[in-house]
Amino acid sequence: ENVHGSRSLALNEPLNDLAYFYYNVDQMNEAVLTAERILSICQEHLGAKHPRCAWTLSVASLTYDGSGDFVKAERMANEALPILETTEGAQSWPVASTLNRLGMALDGEGRFPEAETALRHALAIREAFGGTNWNGLLPILQNLVSVYREEGKETEATKCRQRIETIESHRR
């Protein structure tokens, strides 16, 4: 900020990282405020439909989900997805991450079949990157366990939990 100014686009990555940090340490108010700030800066400089702003929308979706505002989280993920699919590719990491975030928001809203669809799509994309036992699948698999439990699909939840255990055992 001292070098570039408080409204500089150069803050995009550092502030996205800071929003993640706050999310990971369960400081949701700070995560949301940081995500809102960088989203405002990004949209001011590049416009709402720019890929960098779409990724920042995806990060903001995560922070809103963490704060319990699932409707806003869903809206942001849905807004980001078509931009990311067009610019990054339908089978890209940003699309998989945003689908995971959409699934989390839909889960929070109690829209379990839709959440399952989004999460399964995210899982398929990530599997294409790293295979079926890659640790990059863990967040999505954990979210799927939650959705399957809510849907009463204990067999599927058990299979996901077993898969999580297998992946975690390979990490040790």
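Rolling a 1.4 Å probe over the protein heavy atoms gives region 1-120 an accessible area of 46 Å² per residue. Using a/c under 1.5 as the rounded threshold, could you call region 81-172 rounded, prolate or oblate? The axes a ≥ b ≥ c are square roots of the C-alpha gyration tensor eigenvalues, and prolate needs a/b larger than b/c, oblate otherwise. Because a/c hits 1.5 or more and a/b fails to exceed b/c, region 81-172 counts as oblate. Surface composition of the chain: carbon and sulfur make up 49 percent of the accessible area, probe 1.4 Å. Its convex hull of Cα atoms gives the chain a direction-averaged projected area, equal to a quarter of the hull surface, of 10.3 nm². Relative contact order, whole percent, for the chain stands at 13, derived from Cα pairs under 8 Å and 6 or more residues apart.
The values are calculated or read from the model by the stated rules, or taken from the named source; none is laboratory data. Values in this document were obtained by computation on a predicted structure and should not be read as measured data. For the accessible areas, the whole protein counts, side chains as well, though only heavy atoms, and no ligand, DNA or RNA atoms are used. Shrake-Rupley method; radii C 1.70, N 1.55, O 1.52, S 1.80 Å.
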